[in-house]
Number of protein chains: 4
Amino acid sequence: MLRFLDSGESHGKALVAILEGLPANFCLDLDFVNNELSRRQCGYGRGNRMKIEKDKAEIWSGLRGNKTTGNPMSIIIFNKDYENWKEFMENETKDEEKIVIPRPGHGDLVGYFKYNTTDIRDTIERSSARETAIRTAVGAVCKNMLLELGIEIRSKVNSIGPYKDSNMDLFDNRVYERINNSDVRVFDKTTEIKMKKLIDYCKDKGDTVGGSIKVEVKGVPLGLGSYVHYDRKLDGILSMAIMSLQGIKAVEIGDILNKDKVFGSEFLDEMYFEDKKLKRASNNGGGIEAGVSNGENIKLTAYMKPIPSVKLPLQSVNLKENTNVTTRYERSDVCGVVPASIVIENIVAFEILKEILKVYQQDDFNKLKCDIQKL
Amino acid sequence: MLRFLDSGESHGKALVAILEGLPANFCLDLDFVNNELSRRQCGYGRGNRMKIEKDKAEIWSGLRGNKTTGNPMSIIIFNKDYENWKEFMENETKDEEKIVIPRPGHGDLVGYFKYNTTDIRDTIERSSARETAIRTAVGAVCKNMLLELGIEIRSKVNSIGPYKDSNMDLFDNRVYERINNSDVRVFDKTTEIKMKKLIDYCKDKGDTVGGSIKVEVKGVPLGLGSYVHYDRKLDGILSMAIMSLQGIKAVEIGDILNKDKVFGSEFLDEMYFEDKKLKRASNNGGGIEAGVSNGENIKLTAYMKPIPSVKLPLQSVNLKENTNVTTRYERSDVCGVVPASIVIENIVAFEILKEILKVYQQDDFNKLKCDIQKL
Amino acid sequence: MLRFLDSGESHGKALVAILEGLPANFCLDLDFVNNELSRRQCGYGRGNRMKIEKDKAEIWSGLRGNKTTGNPMSIIIFNKDYENWKEFMENETKDEEKIVIPRPGHGDLVGYFKYNTTDIRDTIERSSARETAIRTAVGAVCKNMLLELGIEIRSKVNSIGPYKDSNMDLFDNRVYERINNSDVRVFDKTTEIKMKKLIDYCKDKGDTVGGSIKVEVKGVPLGLGSYVHYDRKLDGILSMAIMSLQGIKAVEIGDILNKDKVFGSEFLDEMYFEDKKLKRASNNGGGIEAGVSNGENIKLTAYMKPIPSVKLPLQSVNLKENTNVTTRYERSDVCGVVPASIVIENIVAFEILKEILKVYQQDDFNKLKCDIQKL
Amino acid sequence: MLRFLDSGESHGKALVAILEGLPANFCLDLDFVNNELSRRQCGYGRGNRMKIEKDKAEIWSGLRGNKTTGNPMSIIIFNKDYENWKEFMENETKDEEKIVIPRPGHGDLVGYFKYNTTDIRDTIERSSARETAIRTAVGAVCKNMLLELGIEIRSKVNSIGPYKDSNMDLFDNRVYERINNSDVRVFDKTTEIKMKKLIDYCKDKGDTVGGSIKVEVKGVPLGLGSYVHYDRKLDGILSMAIMSLQGIKAVEIGDILNKDKVFGSEFLDEMYFEDKKLKRASNNGGGIEAGVSNGENIKLTAYMKPIPSVKLPLQSVNLKENTNVTTRYERSDVCGVVPASIVIENIVAFEILKEILKVYQQDDFNKLKCDIQKL
């Protein structure tokens, strides 16, 4: 069973993950992993932190000569900003410096009471989206392996605020190149301009916006997940993983929120043989039937709330003095949708690989590759 | 750790579940459980099966004199329809009776290939929504316990096809009574009429419709779930559980799909003290911040596709003869949204209780109740 | 991942298990399962309960026409004694009938305080070795499947009290037949006589004895378990399972407690090629190296304490009145070693099959069989 | 749920662990952790590696100002020997340098075939007992926390080869000081001399010896583990953890292998009230009844095989050339029993704390401490 734990505070020394259960004999391309980390750091409207951090993953175990050994893999991303925070992180905060005003929408309030810390800083450091860097690195190892198995994951920004991009085929390489070259990862140039203006507006006002992301996976073999028990359903497993990303508040598999297809006869994906291959007339189900991958592209949409770090003062409370106050501001981005799209690609990669390793060979990558190619 | 396994085929002898990890000393009201089962069987547009089955749960262990003992609980629901299927279920199907034409949207195709069965019947029997009866029973035990802890779960149908009900306060008892008395579990009488007409239309045409469901949980203590690791986030855990329900294709926490609130400053739920109690100006976040319950009502919406058993012939294939054919019809409902609303209430109950038992006393219900009341 | 939950009280209506994760397309021999149940009920020195119960397993789901479908399997064993206890089990005990004197060595004391029950009966009913009947049934399904994969599990009684049987090759069929025909499952006739006399002596005195059991598994493919993470080690996994059996207090893999082999050079199992096959000069390691099966027979010894239900009065306490008293007597066997040997065979079967399904095909038994035979 | 993953090769850059699920607000004493690491490195008969490594744990997250925050803890131990191996570890081995002769008793053979590596080095690096350094660090964090909760874990060497130490009360501080000051962690001076001579003899001959270890835990609250399901039994959980340690081949709870107590009436631990406190006349059961801690000291014995790295040539095979050869020698200790005793103390600490956090408060250490003290 592929699994990982990750640790690390936003301004701590390093983010660390241990990824356990990888098959042996896969040649990892570390540049691929680092490229995913740098894709995550791009995007219009990101804050200043990104100028400080140029994330690089180091792999300290589980590899020899770039080849996986089956041993657990430790992945480290050092936080460059740590040098500026070292003093602070290594000592208990003086009472007068403790953060006691929770920001709505963040983990501040819940962390303060759940863990009985007296300083919201302890929560901020972990609930921060900085943690997604290491999750991206973990997922990127998996994404690299999936690619070698013929499974590819692509994403785009679907909407920012009220502006929605056209639906395009993500596996048309020309389309995808244009999306990847866009600062907001969309296809339409006019939509892009509107989105950027909206982001500029937010930056000026001290406000934030959310949006949505489309992810699509090509080449997934039929049979991942299972309908035989509720906790083995692939759609449930993917939803959990995506919903666990900071800021995501809704997940959609396929095309259910599109109001055009009211009836079963319109929505259901008819099938037929053509040239002896099973084909589908549509893919409204998003590649998953009864919780099992059906061989079509897996299609997901994730919906993200506006980043809860707004400069505009919000009504909040001082938990130490029990008074009503307005919020202080913690450095942040204006819109997290672009980086989130990259993170989700990699989160999905981990989950898909995990499910593959449940059904197929888990010890030797070469045998696994043979098995998948035989399908 | 509260956990369960369930088993049973749609036309098998019985559905069985084992629920493990309940605290001792809780007086279970079996009528409450059976009432949830009969709520699940109601709803406008249900098929004939419901006339055959009047589900009753029997509890064969884990209770003495109606009081939980801490021992695992076995829950049995006998399938009355079994008598008609007995011969069939106990013998291998003759080749000519095997089902080899998969219905789009069902588990038929994926089951056939994943498990290499030669008869789709084996998949139908398990992937069927009949399984939700036993999951409802499992959840109802939890729901009953939650109620005693001051935690209540309510639901309504939000939409069927294009028709949407008004947003109403589910914890206004007069409102909720009206919803529970509605055949389609909505508040607006005009919407109800439109929905029923749509269902009638589908029944005539041999088509089906989907819809959406709102669920709300009141009284959840702050601190369930955790932001410290991705797989402990309450929103992820709930999404997985709800998405695992047959037909659900999207899950929303709070109010993110509502397009009215574009900016962080509009969406975020400001807080303040009033009469020394912490209050919120809104609950767009749906009671979960950073993956942790924040003490507000938890608000979820589930989106369900049209039932994939349509009488209208769809294009499909004969997997034995590799030919293109049209689908056969398997008895089914026209719209599953009403029963799904009840199932989801109970699915959520299991997950919430599971999370409570991670944070608080898991051995003795009386101590647990004390702990929760002290909060 | 193969998994199960089981439930049921000693005098409740039925013992129930759900076994989830079996591959499809295996023809189960239910007689095989029931034969394991009756082997478990034999043995010199068993109590009267065994005359009441002639355990038969019913399988209510997961099979059609005796063939597994991949669906979860529910296994039911009705307790015939239930009819005599029905009244009692369905009602709360009157205060004066509550059991408040814990028997040393049983779960009585710990259950009373952990679950805050006021009646030790609730604990007795579950901590009883009656539960091993259903665990045997679960394991027997697995054992039957393993047999078809060429993996066989055999056991013998190694010692009862101070009397020890000779070490014999369990996979010599003539030897094994004699062991299975022995009332105390040993090979030596003189040892058998001594053991029976000891059991008779105990019965007379109202005392009990323990002993030890040898289990051996033949045909296990190299590669189950893993050294890469501590919780994946096959020896740890097997130890946990065996130690979880009522009365077992020590587990040994291979031959470490034998004092003859002091030095590494004596203990280690040298290897060589003979006729192009890898062979071992000895098997002191018991078929597991670094937590991984090495293709040799897996050899385990389990050590069982005397059954804690002794007729001889022991010093104990009245927990309600806080006084010192002597124990009451609950019907029981004198020596549990013989039935435990059968239970352990089946417990081991479950664990071995679980590990096989982690490494090989988990969906289709026919493919699994091919994969194993190719090794 | 407390959990951890660890990674790292024997000669890799660092051993890394992530420990997740610790309560917040515990003041960790890092010196305590490092002291456990240095206790692990002591012992008569250890190899040269120990002169190179002076293990120090660094904690990179989960702490601020030495206080736990509830965030996952990353623990790092750098391998000083890495500098000498860097070239080697970072590149694939040339064919002629690959190790293809498995050493009996090690993971060499199973790793080669399971992971299809072509170099046994990849297995050696992970299956090595070097990994126990990081597991000791993980456990030492837990042991430190347990101490603050009034729960203490002590151990001694019980035997080395044929020489057995007297049974002494480990919680008599004078006794324990003498044990800790002994090079072989025993009480008897004459036994110590014999053991050392045996170790010297082995060193001369190029052989190795095993032995056994006693561990005892004081202050464990009644109620850890549960009899209600087989996989929740504390004895099973502890056995799994201890058996997973390199070289351990048998685990005993209490005093079952002592042949003195044949009958139930001799073995069972009678109980009585004295000064209103519940007491036991003996503790043959080792503090666990029916898989649940009963408040008495938990007593475990672990049996360790001789270290499989012997200088004396053993018969083995060349897996590349399919020939019979003798083994090569890899640097190692002569007797691992002394360090293993320290590792087991810490392994047990993790498991006991894990079980405590299942039953009691898991979020806030201060509340947990209150709860435990109230018992």
- Scanning the range A:116-147 for residues that are closer than 12 Å to B:ALA290 by Cβ and within 9 Å of chain B (Cβ to nearest Cβ), which turns out surrounded by the fewest Cβ atoms within 10 Å (Cβ to Cβ)? A:SER127
- Message: I'd like to know if the range C:336-347 contains one or more residues that are in contact (Cβ under 8 Å) with a residue 40 or more places away in the chain, more than 22 Å from the chain's Cα centre (by Cα) and away from chain B (no Cβ under 14 Å).
- Response: no
- Filter pass, C:LYS320 being crowded, with 17+ Cβ neighbours inside 10 Å, over 24 Å from D:SER127 (Cα atoms) and not small (Gly, Ala, Ser): no
- Message: Checking the structure you have, find out if any residue of the range A:277-284 is among the charged types (D, E, K, R) and facing chain B (nearest Cβ under 7 Å).
- Response: no
- Restrict the check to the range D:320-329 and report whether at least one residue is in contact with a Lys or Arg (Cβ under 8 Å, 6 or more places away or on another chain), among the hydroxyl-bearing types (Ser, Thr, Tyr) and more than 9 Å from chain C (Cβ to nearest Cβ). yes
- Message: Six or more apart or on different chains, Cβ atoms under 8 Å: show the pairs whose first residue is in the range C:76-101 and part of a loop (DSSP other than H, G, I, E, B) and whose second is surrounded by 13 or more Cβ atoms within 10 Å (Cβ to Cβ) and hydroxyl-bearing (Ser, Thr, Tyr).
- Response: C:ASN79/C:SER10; C:LYS98/C:THR118; C:VAL100/C:TYR112; C:VAL100/C:THR118; C:ILE101/C:SER316; C:ILE101/C:THR327
- Would the range B:209-218 turn up any residue that is more than 18 Å from B:VAL343 (Cβ to Cβ) and buried (at least 24 other Cβ atoms within 10 Å of the Cβ)? no
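When the range C:329-347 is examined, which residues are found to be part of a loop (DSSP other than H, G, I, E, B) and of a type outside the set (Gly, Ala, Ser)?
Answer for the range C:329-347, where residues must be part of a loop (DSSP other than H, G, I, E, B) and of a type outside the set (Gly, Ala, Ser): C:TYR329, C:GLU330, C:ARG331, C:ASP333, C:VAL334, C:CYS335.
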- Query: Would you call C:GLU125 free of Cβ contacts under 8 Å to residues at least 60 places away in the same chain and assigned to a helix (DSSP H, G or I)?
  - Reply: no
- Task: For C:VAL209, work out the one condition from (1) facing chain D (nearest Cβ under 10 Å); (2) touching a Leu at 6+ places or on another chain (Cβ under 7 Å); (3) closer than 30 Å to C:LEU368 by Cα; (4) of a type outside the set (Gly, Ala, Ser) it doesn't fulfil.
- Result: (3)
- Quick count over the range D:203-237, residues being at pLDDT below 95 and part of a helix (DSSP H, G or I), is 3
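Go through the range C:61-99 residue by residue and tally those that are open to solvent by 30 Å² or more (accessible area, probe 1.4 Å) and within 30 Å of C:LEU28 (Cα to Cα).
Result for the range C:61-99: 5.
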- Could you check how many residues of the range D:57-75 are within 7 Å of another protein chain (Cβ to nearest Cβ) and free of Cβ contacts under 8 Å to residues at least 24 places away in the same chain? 5
- Query: Hey, any hits in the range D:111-121 for a residue that's outside any helix (DSSP H, G or I), among the small types (Gly, Ala, Ser) and more than 18 Å from the chain's Cα centre (by Cα)?
  - Reply: no
- Somewhere in the range D:150-163, is a residue at positive phi and open to solvent by 20 Å² or more (accessible area, probe 1.4 Å)? yes
- Message: Given the options A:ILE307, A:ILE256, name the one that is assigned to a loop (DSSP other than H, G, I, E, B), under 19 Å from the mean Cα position of the chain (by Cα) and not hydroxyl-bearing (Ser, Thr, Tyr).
- Response: A:ILE307
- Which ones in the range B:310-319 are facing another protein chain (nearest Cβ under 8 Å) and of a type in the set (S, T, N, Q)? B:GLN315, B:SER316
- Taking the range A:148-175 and keeping only residues that are in contact (Cβ under 8 Å) with a residue 12 or more places away in the chain, outside any loop (DSSP other than H, G, I, E, B), more than 14 Å from chain B (Cβ to nearest Cβ) and not polar (S, T, N, Q), one is left with A:GLU148, A:GLU152, A:ILE153, A:ARG154, A:LYS156, A:VAL157, A:VAL175
- Message: I'm trying to understand the selection: among the residues of the range B:246-274, which are over 13 Å from A:LYS249 (Cβ atoms), touching a residue at least 12 places away in the same chain (Cβ under 8 Å) and open to solvent by 40 Å² or more (accessible area, probe 1.4 Å)?
- Response: B:GLU270
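Yes or no: B:LEU22 open to solvent by less than 10 Å² (accessible area, probe 1.4 Å), in contact (Cβ under 8 Å) with a residue 40 or more places away in the chain, closer than 28 Å to B:ILE160 by Cα and not charged (D, E, K, R)?
No.
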- Message: Restricting to the range A:241-276, give me the number of residues that are in contact with a strand residue (DSSP E or B) (Cβ under 8 Å, 6 or more places away or on another chain) and within 7 Å of another protein chain (Cβ to nearest Cβ).
- Response: 17
- Task: List the number of the failed condition for C:LEU224; all other conditions in (1) within 21 Å of D:ILE242 (Cα to Cα); (2) under 19 Å from the mean Cα position of the chain (by Cα); (3) surrounded by 24 or more Cβ atoms within 10 Å (Cβ to Cβ) hold.
- Result: (2)
- Message: Can you tell me how many residues within the range B:275-290 are open to solvent by 40 Å² or more (accessible area, probe 1.4 Å) and hydrophobic (A, V, I, L, M, F, W, C)?
- Response: 2
- Task: Being in contact with a strand residue (DSSP E or B) (Cβ under 8 Å, 6 or more places away or on another chain) and surrounded by fewer than 24 Cβ atoms within 10 Å (Cβ to Cβ) is the filter; apply it to the range B:100-114 and report the residue that is nearest to the other protein chains (Cβ to nearest Cβ).
- Result: B:ILE101
- Among the listed residues D:LEU234, D:LEU222, D:LEU238, D:LEU198, which satisfies the condition of being more than 7 Å from chain C (Cβ to nearest Cβ), in contact with a helix residue (DSSP H, G or I) (Cβ under 6 Å, 6 or more places away or on another chain) and of a type outside the set (Asp, Glu)? D:LEU238
- Note on the structure: Reported set for the range D:348-375 where residues are assigned to a loop (DSSP other than H, G, I, E, B) and under 26 Å from the mean Cα position of the chain (by Cα) is D:TYR360, D:GLN362
- Cβ pairs under 9 Å, 6+ apart or interchain, first in the range A:287-307 and free of Cβ contacts under 8 Å to residues at least 24 places away in the same chain, second aliphatic (A, V, I, L, M), ordered by first then second residue, are A:GLU289/B:LEU109; A:GLU289/B:VAL110
- Message: Any residue that is surrounded by fewer than 20 Cβ atoms within 10 Å (Cβ to Cβ) and at pLDDT below 95 - is there at least one of those in the range D:331-338?
- Response: yes
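The values are calculated or read from the model by the stated rules, or taken from the named source; none is laboratory data. The model shown is predicted, which means the values in this text are computed figures rather than measured ones. Neighbour counts are summed over all protein chains in view; Cβ atoms, including those assigned to glycine, are modelled from backbone coordinates with ideal geometry. The protein model used for the area step is the full one, side chains on, heavy atoms only, and it has no ligands, DNA or RNA in it. Shrake-Rupley method; radii C 1.70, N 1.55, O 1.52, S 1.80 Å.
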